[in-house]
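Student: Could you have a look at this structure, given as C-alpha coordinates, before my questions?
The values are calculated or read from the model by the stated rules, or taken from the named source; none is laboratory data. Model, not experiment: these values are computed from the prediction. As a convention, Cβ positions derive from the backbone with ideal geometry for all residues, glycine included, and neighbour counts pool all protein chains shown. Accessible surface areas use protein heavy atoms only, side chains included; no ligands, DNA or RNA. Shrake-Rupley method; radii C 1.70, N 1.55, O 1.52, S 1.80 Å.
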Amino acid sequence: MKSAKIVGLGKYLPPKILTNFDLEKIVDTSDEWITTRTGIKTRHVVEKNVSASVLAREASLVALKRAGLKPKDLDLIIVATITPDTQFPSTACYLQDYLKAKKACCFDISAACAGFVYALTCAWQFLKCGFYKNALVVGSEVLTSITDWEDRSTCVLFGDGAGAAVLVPSNRDGFLSAYLGGDGSKSELLILPGGGSRCPASLDTVKERLHYIRMKGNELFRIAVRIMVEAAQKALKRAGLGRKDIDLLVPHQANIRIITAVAKRLGLTEDKVYVNIERYGNMSSASSAVALCEAWEEGRIKKGDVVVLDAFGGGLVWGSSVIKWV
Ligand code: ACO
(Lines give C-alpha, C1' and ligand atoms only; values in the text may rest on other atoms or scores of the structure.)
Protein backbone atom coordinates (compact mmCIF):
# COMPACT_ATOMS: atom_id res chain seq x y z
CA MET A 1 0.00 0.00 0.00
CA LYS A 2 1.18 3.49 -0.80
CA SER A 3 -0.34 5.25 2.19
CA ALA A 4 -3.30 5.44 4.58
CA LYS A 5 -6.42 7.58 4.56
CA ILE A 6 -9.01 8.80 7.04
CA VAL A 7 -12.42 7.25 6.37
CA GLY A 8 -14.32 8.40 9.47
CA LEU A 9 -14.13 11.25 11.97
CA GLY A 10 -16.02 11.74 15.23
CA LYS A 11 -16.01 14.04 18.21
CA TYR A 12 -17.54 14.26 21.65
CA LEU A 13 -17.76 17.26 23.92
CA PRO A 14 -19.28 16.78 27.38
CA PRO A 15 -22.53 18.79 27.62
CA LYS A 16 -21.61 21.04 30.56
CA ILE A 17 -20.26 24.45 29.49
CA LEU A 18 -18.08 26.77 31.58
CA THR A 19 -18.10 30.38 30.40
CA ASN A 20 -15.62 33.18 31.03
CA PHE A 21 -18.28 34.75 33.25
CA ASP A 22 -18.40 31.56 35.34
CA LEU A 23 -14.61 31.82 35.73
CA GLU A 24 -14.91 35.44 36.92
CA LYS A 25 -16.62 33.95 40.00
CA ILE A 26 -13.77 31.49 40.66
CA VAL A 27 -10.56 33.52 40.11
CA ASP A 28 -9.55 37.17 39.65
CA THR A 29 -10.10 37.39 35.89
CA SER A 30 -12.47 38.89 33.35
CA ASP A 31 -14.23 37.87 30.15
CA GLU A 32 -12.42 40.78 28.50
CA TRP A 33 -8.91 39.54 29.52
CA ILE A 34 -9.58 35.94 28.53
CA THR A 35 -11.16 36.89 25.19
CA THR A 36 -8.48 39.35 24.12
CA ARG A 37 -5.46 37.36 25.41
CA THR A 38 -6.62 33.89 24.30
CA GLY A 39 -9.71 34.03 22.05
CA ILE A 40 -11.57 31.62 24.38
CA LYS A 41 -15.21 32.29 25.33
CA THR A 42 -16.41 28.92 26.60
CA ARG A 43 -15.06 25.43 27.25
CA HIS A 44 -16.80 22.07 27.84
CA VAL A 45 -16.13 20.32 31.13
CA VAL A 46 -16.96 16.82 32.38
CA GLU A 47 -19.18 15.97 35.30
CA LYS A 48 -17.51 14.14 38.19
CA ASN A 49 -16.09 10.68 37.45
CA VAL A 50 -16.22 11.02 33.65
CA SER A 51 -12.80 9.92 32.40
CA ALA A 52 -10.86 10.19 29.14
CA SER A 53 -11.91 6.71 27.98
CA VAL A 54 -15.58 7.65 28.27
CA LEU A 55 -15.13 10.70 26.05
CA ALA A 56 -12.99 8.59 23.70
CA ARG A 57 -15.72 5.94 23.41
CA GLU A 58 -18.37 8.46 22.33
CA ALA A 59 -16.12 10.07 19.71
CA SER A 60 -14.99 6.64 18.45
CA LEU A 61 -18.52 5.32 17.96
CA VAL A 62 -19.31 8.29 15.71
CA ALA A 63 -16.07 7.87 13.72
CA LEU A 64 -16.62 4.11 13.29
CA LYS A 65 -20.23 4.62 12.11
CA ARG A 66 -19.11 7.19 9.55
CA ALA A 67 -16.35 4.82 8.41
CA GLY A 68 -18.84 1.98 8.01
CA LEU A 69 -16.74 -0.24 10.28
CA LYS A 70 -17.54 -2.24 13.40
CA PRO A 71 -15.32 -2.30 16.50
CA LYS A 72 -14.56 -5.96 15.75
CA ASP A 73 -12.89 -4.82 12.49
CA LEU A 74 -10.26 -2.79 14.35
CA ASP A 75 -6.76 -4.18 14.73
CA LEU A 76 -5.11 -1.08 16.19
CA ILE A 77 -6.26 1.48 18.78
CA ILE A 78 -4.04 4.40 19.74
CA VAL A 79 -5.18 6.97 22.29
CA ALA A 80 -3.25 10.22 22.63
CA THR A 81 -3.76 11.63 26.10
CA ILE A 82 -2.02 13.32 29.01
CA THR A 83 -5.01 12.69 31.25
CA PRO A 84 -5.28 8.89 31.07
CA ASP A 85 -7.92 7.12 33.16
CA THR A 86 -5.08 5.55 35.15
CA GLN A 87 -1.26 5.51 34.87
CA PHE A 88 -1.80 1.98 33.69
CA PRO A 89 -3.59 0.16 32.15
CA SER A 90 -3.63 2.48 29.16
CA THR A 91 -6.74 4.41 28.22
CA ALA A 92 -6.61 2.57 24.88
CA CYS A 93 -7.18 -0.70 26.80
CA TYR A 94 -10.25 0.71 28.54
CA LEU A 95 -11.52 1.94 25.19
CA GLN A 96 -10.92 -1.45 23.58
CA ASP A 97 -13.00 -3.06 26.32
CA TYR A 98 -15.86 -0.50 26.03
CA LEU A 99 -16.00 -1.06 22.27
CA LYS A 100 -15.46 -4.82 22.51
CA ALA A 101 -12.80 -4.42 19.83
CA LYS A 102 -11.23 -7.71 20.88
CA LYS A 103 -8.88 -8.06 17.91
CA ALA A 104 -7.19 -4.68 18.40
CA CYS A 105 -3.80 -4.07 19.97
CA CYS A 106 -3.89 -0.93 22.08
CA PHE A 107 -1.54 1.66 23.48
CA ASP A 108 -1.43 5.30 24.59
CA ILE A 109 0.79 8.09 23.36
CA SER A 110 1.88 10.90 25.66
CA ALA A 111 2.77 13.84 23.47
CA ALA A 112 0.60 16.54 25.03
CA CYS A 113 -0.99 18.85 22.45
CA ALA A 114 0.89 17.17 19.60
CA GLY A 115 -0.45 13.75 20.68
CA PHE A 116 -3.06 13.38 17.94
CA VAL A 117 -0.51 14.19 15.20
CA TYR A 118 2.01 11.76 16.75
CA ALA A 119 -0.68 9.05 16.98
CA LEU A 120 -1.92 9.56 13.42
CA THR A 121 1.65 9.29 12.17
CA CYS A 122 2.17 5.99 14.04
CA ALA A 123 -1.08 4.54 12.70
CA TRP A 124 -0.25 5.67 9.16
CA GLN A 125 3.12 3.86 9.34
CA PHE A 126 1.55 0.65 10.72
CA LEU A 127 -0.98 0.65 7.87
CA LYS A 128 1.48 1.63 5.16
CA CYS A 129 3.80 -1.25 5.92
CA GLY A 130 0.89 -3.69 5.91
CA PHE A 131 1.13 -4.57 9.59
CA TYR A 132 -2.50 -3.61 10.31
CA LYS A 133 -5.63 -2.85 8.27
CA ASN A 134 -8.08 -0.83 10.34
CA ALA A 135 -6.89 1.71 12.91
CA LEU A 136 -8.68 3.93 15.40
CA VAL A 137 -6.79 7.02 16.55
CA VAL A 138 -8.22 9.14 19.36
CA GLY A 139 -7.23 12.34 21.13
CA SER A 140 -9.06 12.44 24.45
CA GLU A 141 -8.53 14.71 27.45
CA VAL A 142 -10.07 15.56 30.77
CA LEU A 143 -7.75 18.51 31.33
CA THR A 144 -10.02 19.84 34.07
CA SER A 145 -8.82 16.90 36.20
CA ILE A 146 -5.31 18.42 36.27
CA THR A 147 -6.31 22.10 36.28
CA ASP A 148 -5.41 24.25 39.26
CA TRP A 149 -8.59 26.23 39.89
CA GLU A 150 -6.60 28.65 42.09
CA ASP A 151 -4.20 29.59 39.26
CA ARG A 152 -5.81 32.21 37.00
CA SER A 153 -2.94 32.05 34.50
CA THR A 154 -3.81 28.48 33.52
CA CYS A 155 -7.35 27.59 34.65
CA VAL A 156 -8.96 29.85 32.06
CA LEU A 157 -7.27 28.03 29.19
CA PHE A 158 -8.30 24.39 29.30
CA GLY A 159 -11.33 22.25 28.42
CA ASP A 160 -12.38 18.61 28.05
CA GLY A 161 -13.27 16.66 24.91
CA ALA A 162 -12.35 13.94 22.45
CA GLY A 163 -11.94 13.48 18.73
CA ALA A 164 -11.44 10.23 16.79
CA ALA A 165 -10.32 9.16 13.33
CA VAL A 166 -10.59 5.78 11.59
CA LEU A 167 -7.74 5.03 9.17
CA VAL A 168 -7.42 2.35 6.50
CA PRO A 169 -4.68 1.64 3.93
CA SER A 170 -4.83 3.63 0.72
CA ASN A 171 -3.42 2.98 -2.72
CA ARG A 172 -3.19 6.67 -3.53
CA ASP A 173 -2.90 9.89 -1.58
CA GLY A 174 -4.17 10.19 2.00
CA PHE A 175 -1.23 10.89 4.31
CA LEU A 176 1.52 12.47 2.21
CA SER A 177 4.06 13.31 4.91
CA ALA A 178 4.65 14.24 8.53
CA TYR A 179 7.28 15.99 10.57
CA LEU A 180 7.59 15.29 14.31
CA GLY A 181 9.99 16.90 16.76
CA GLY A 182 10.84 17.32 20.43
CA ASP A 183 13.03 19.24 22.89
CA GLY A 184 13.19 17.63 26.34
CA SER A 185 15.53 20.34 27.63
CA LYS A 186 12.51 22.66 27.93
CA SER A 187 10.29 20.23 29.85
CA GLU A 188 9.94 22.63 32.80
CA LEU A 189 7.99 25.15 30.70
CA LEU A 190 4.89 22.97 30.79
CA ILE A 191 4.71 20.17 33.31
CA LEU A 192 2.60 18.23 35.75
CA PRO A 193 5.34 17.69 38.35
CA GLY A 194 3.74 15.25 40.83
CA GLY A 195 2.60 11.65 40.71
CA GLY A 196 5.28 10.08 38.53
CA SER A 197 8.34 8.08 39.58
CA ARG A 198 10.38 11.30 39.91
CA CYS A 199 8.00 12.71 42.47
CA PRO A 200 5.60 10.01 43.71
CA ALA A 201 2.26 11.06 45.14
CA SER A 202 2.32 11.90 48.84
CA LEU A 203 0.51 14.21 51.23
CA ASP A 204 3.24 16.79 50.57
CA THR A 205 2.85 16.68 46.79
CA VAL A 206 -0.87 17.26 47.23
CA LYS A 207 -0.28 20.16 49.65
CA GLU A 208 2.21 21.71 47.23
CA ARG A 209 -0.32 21.41 44.37
CA LEU A 210 2.12 19.37 42.28
CA HIS A 211 -0.65 17.36 40.63
CA TYR A 212 -1.76 20.28 38.51
CA ILE A 213 -0.49 21.78 35.24
CA ARG A 214 2.30 24.35 35.64
CA MET A 215 3.02 26.52 32.65
CA LYS A 216 5.30 29.38 31.70
CA GLY A 217 2.89 30.66 29.08
CA ASN A 218 4.86 33.65 27.98
CA GLU A 219 8.00 31.70 27.04
CA LEU A 220 5.94 28.97 25.38
CA PHE A 221 4.08 31.48 23.29
CA ARG A 222 7.19 32.66 21.43
CA ILE A 223 8.50 29.13 20.89
CA ALA A 224 5.09 27.86 19.74
CA VAL A 225 4.79 30.34 16.89
CA ARG A 226 8.30 29.68 15.55
CA ILE A 227 8.10 25.90 15.89
CA MET A 228 4.62 25.52 14.41
CA VAL A 229 5.65 27.51 11.33
CA GLU A 230 8.81 25.43 10.98
CA ALA A 231 6.97 22.11 11.47
CA ALA A 232 4.38 22.90 8.79
CA GLN A 233 7.08 24.05 6.37
CA LYS A 234 9.17 20.91 6.93
CA ALA A 235 6.20 18.56 6.55
CA LEU A 236 5.14 20.34 3.36
CA LYS A 237 8.66 20.13 1.97
CA ARG A 238 8.76 16.39 2.64
CA ALA A 239 5.55 16.09 0.61
CA GLY A 240 7.08 18.10 -2.22
CA LEU A 241 4.60 20.92 -1.58
CA GLY A 242 4.73 24.55 -0.47
CA ARG A 243 2.54 26.83 1.63
CA LYS A 244 0.56 27.88 -1.47
CA ASP A 245 -0.68 24.29 -1.79
CA ILE A 246 -2.45 24.39 1.59
CA ASP A 247 -6.24 24.29 1.28
CA LEU A 248 -6.84 24.18 5.03
CA LEU A 249 -4.53 24.54 8.02
CA VAL A 250 -5.90 22.87 11.15
CA PRO A 251 -3.66 24.20 13.93
CA HIS A 252 -3.58 23.25 17.60
CA GLN A 253 -6.02 25.51 19.41
CA ALA A 254 -4.01 26.92 22.33
CA ASN A 255 -4.35 30.65 21.74
CA ILE A 256 -5.95 32.67 18.91
CA ARG A 257 -2.89 34.96 18.89
CA ILE A 258 -0.60 31.97 18.24
CA ILE A 259 -2.88 30.75 15.42
CA THR A 260 -3.04 34.21 13.83
CA ALA A 261 0.75 34.66 14.02
CA VAL A 262 1.40 31.19 12.52
CA ALA A 263 -1.10 31.82 9.70
CA LYS A 264 0.45 35.21 8.96
CA ARG A 265 3.96 33.79 8.75
CA LEU A 266 2.75 31.01 6.46
CA GLY A 267 1.04 33.64 4.30
CA LEU A 268 -2.42 32.11 4.77
CA THR A 269 -5.67 34.05 4.59
CA GLU A 270 -8.36 33.52 7.27
CA ASP A 271 -10.46 31.24 5.05
CA LYS A 272 -7.57 28.75 4.94
CA VAL A 273 -7.29 28.36 8.71
CA TYR A 274 -9.69 26.44 10.93
CA VAL A 275 -10.43 27.99 14.32
CA ASN A 276 -12.81 26.77 17.04
CA ILE A 277 -10.89 27.83 20.15
CA GLU A 278 -13.62 30.27 21.18
CA ARG A 279 -15.95 27.35 21.98
CA TYR A 280 -13.60 24.77 23.48
CA GLY A 281 -10.38 26.33 24.78
CA ASN A 282 -7.24 24.20 24.73
CA MET A 283 -8.07 20.47 24.91
CA SER A 284 -4.48 19.31 24.33
CA SER A 285 -4.46 16.18 22.13
CA ALA A 286 -8.22 16.47 21.58
CA SER A 287 -7.93 19.96 20.07
CA SER A 288 -6.54 18.90 16.68
CA ALA A 289 -8.82 15.85 16.62
CA VAL A 290 -11.99 17.84 17.29
CA ALA A 291 -10.93 20.67 14.96
CA LEU A 292 -10.29 18.24 12.09
CA CYS A 293 -13.66 16.56 12.66
CA GLU A 294 -15.54 19.87 12.78
CA ALA A 295 -13.78 21.25 9.73
CA TRP A 296 -14.93 18.15 7.82
CA GLU A 297 -18.48 18.33 9.27
CA GLU A 298 -18.74 21.98 8.21
CA GLY A 299 -17.74 21.15 4.62
CA ARG A 300 -14.41 22.98 4.90
CA ILE A 301 -12.58 19.86 3.66
CA LYS A 302 -13.33 18.48 0.20
CA LYS A 303 -11.96 15.58 -1.81
CA GLY A 304 -8.54 16.47 -3.23
CA ASP A 305 -7.85 19.19 -0.62
CA VAL A 306 -4.44 19.43 1.03
CA VAL A 307 -5.04 19.60 4.79
CA VAL A 308 -2.19 20.42 7.16
CA LEU A 309 -2.36 19.58 10.87
CA ASP A 310 0.09 21.56 13.00
CA ALA A 311 0.48 21.11 16.77
CA PHE A 312 2.79 22.02 19.64
CA GLY A 313 2.79 21.19 23.34
CA GLY A 314 4.44 20.19 26.59
CA GLY A 315 7.60 18.13 26.31
CA LEU A 316 8.29 20.14 24.32
CA VAL A 317 6.89 18.26 21.33
CA TRP A 318 5.52 19.31 17.98
CA GLY A 319 4.25 17.76 14.79
CA SER A 320 2.67 18.48 11.45
CA SER A 321 0.88 16.12 9.02
CA VAL A 322 0.09 16.76 5.39
CA ILE A 323 -2.98 14.91 4.14
CA LYS A 324 -4.43 14.86 0.63
CA TRP A 325 -8.09 14.16 1.29
CA VAL A 326 -9.51 11.16 -0.54
N1 ACO B 1 -6.95 37.09 34.06
C2 ACO B 1 -6.44 38.31 34.24
N3 ACO B 1 -5.11 38.57 34.26
C4 ACO B 1 -4.28 37.51 34.07
C5 ACO B 1 -4.77 36.21 33.87
C6 ACO B 1 -6.16 36.01 33.88
N7 ACO B 1 -6.73 34.82 33.70
N8 ACO B 1 -3.71 35.37 33.73
C9 ACO B 1 -2.61 36.12 33.80
N10 ACO B 1 -2.94 37.43 34.02
C11 ACO B 1 -2.09 38.58 34.18
C12 ACO B 1 -0.70 38.19 34.66
O13 ACO B 1 -0.68 38.09 36.07
C14 ACO B 1 0.12 39.36 34.16
O15 ACO B 1 -0.07 40.45 35.05
P16 ACO B 1 1.16 41.41 35.40
O17 ACO B 1 1.58 42.02 34.09
O18 ACO B 1 0.54 42.36 36.37
O19 ACO B 1 2.21 40.52 35.98
C20 ACO B 1 -0.56 39.72 32.83
O21 ACO B 1 -1.87 39.16 32.88
C22 ACO B 1 0.15 39.18 31.61
O23 ACO B 1 0.46 37.79 31.82
P24 ACO B 1 1.19 36.93 30.74
O25 ACO B 1 1.41 35.55 31.26
O26 ACO B 1 2.37 37.69 30.22
O27 ACO B 1 0.05 36.89 29.61
P28 ACO B 1 0.18 36.45 28.12
O29 ACO B 1 -0.23 37.55 27.24
O30 ACO B 1 1.48 35.74 27.82
O31 ACO B 1 -0.97 35.33 28.00
C32 ACO B 1 -1.18 32.94 27.92
C33 ACO B 1 -0.90 34.17 28.78
C34 ACO B 1 -2.60 33.06 27.42
C35 ACO B 1 -1.03 31.70 28.77
C36 ACO B 1 -0.19 32.90 26.72
O37 ACO B 1 1.11 33.12 27.19
C38 ACO B 1 -0.22 31.58 25.95
O39 ACO B 1 -1.19 31.25 25.31
N40 ACO B 1 0.91 30.85 25.94
C41 ACO B 1 1.10 29.63 25.13
C42 ACO B 1 0.45 28.45 25.73
C43 ACO B 1 0.78 27.22 24.90
O44 ACO B 1 0.96 27.26 23.70
N45 ACO B 1 0.90 26.09 25.53
C46 ACO B 1 1.34 24.89 24.82
C47 ACO B 1 0.25 24.00 24.52
S48 ACO B 1 -0.68 23.51 25.96
C49 ACO B 1 -0.30 21.83 26.34
O50 ACO B 1 0.62 21.24 25.84
C51 ACO B 1 -1.16 21.19 27.42
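Student: Give the aspartates and glutamates whose C-alpha is closer than 18 Å to that of residue 25, dropping any in the same chain fewer than 8 places away, or say none.
Tutor: Reachable aspartates and glutamates: 148, 150, 151.
Student: Let me ask another. Quick one: putting +1 on the C-beta of Lys and Arg, -1 on the C-beta of Asp and Glu, what dipole do you get for segment 176-324 around its Cα centre, in Debye to the nearest 20?
Tutor: For segment 176-324, the charge dipole is close to 400 debye.
Student: Note down the net charge around residue 249, summing +1 for each Lys or Arg and -1 for each Asp or Glu among other residues with Cβ under 10 Å from its Cβ.
Tutor: Within the 10 Å Cβ shell, the charges total 0.
Student: Per-residue ellipticity at 222 nm for the chain, helices alone: DSSP H runs ≥ 4 residues times -39500 (n - 2.57), over residue total, nearest 500 deg cm²/dmol?
Tutor: That calculation yields -10000 deg cm²/dmol at 222 nm.
Student: Please tell me which of these pairs span more than 19 angstrom C-alpha to C-alpha: 2/65; 72/303; 5/302; 186/207; 65/133?
Tutor: Working: 2/65 25 Å; 72/303 28 Å; 5/302 14 Å; 186/207 25 Å; 65/133 17 Å.
Distance filter (> 19 Å) returns 2/65; 72/303; 186/207.
Student: Give me the distance in nm between label points sitting 7 Å out from Cα along the Cα-to-Cβ direction at residue 207 and residue 238, one decimal.
Tutor: Placing both labels 7 Å beyond Cα along the Cβ direction yields 4.8 nm.
Student: Right, something else. Only Cα pairs within less than 10 Å get springs; with that Gaussian network setup on the chain, which residue of 113, 93, 105 has the largest fluctuation?
Tutor: In this elastic network of the chain, the residue with the biggest mean-square fluctuation among 113, 93, 105 is 105.
Student: Quickly work out the residue 172-to-residue 25 label distance, labels modelled 7 Å from Cα along the C-beta direction, and quote it in nm with one decimal.
Tutor: Between residue 25 and residue 172, the label points sit 5.7 nm apart.
Student: Which of the aspartates and glutamates could a cross-linker span from residue 264 if the Cα-Cα distance has to be under 18 Å and same-chain partners fewer than 8 positions apart are dropped?
Tutor: Qualifying aspartates and glutamates at Cα under 18 Å: 230, 245, 247, 310.
Student: Accessible surface of residue 28 in the full protein assembly, 1.4 angstrom probe, to the nearest 10 Å²?
Tutor: Residue 28 exposes around 120 Å² with every protein chain in place.
Student: With springs connecting C-alpha atoms under 10 Å apart, model the chain as a Gaussian network and identify which of 262, 117, 138 has the largest mean-square fluctuation.
Tutor: With Cα springs under 10 Å in the chain, the top fluctuation among 262, 117, 138 is at 262.
Student: Relative contact order of segment 200-326, please, whole-number percent, based on alpha carbon pairs below 8 angstrom and at least 6 residues apart.
Tutor: Rounded, it is 30 percent for segment 200-326.
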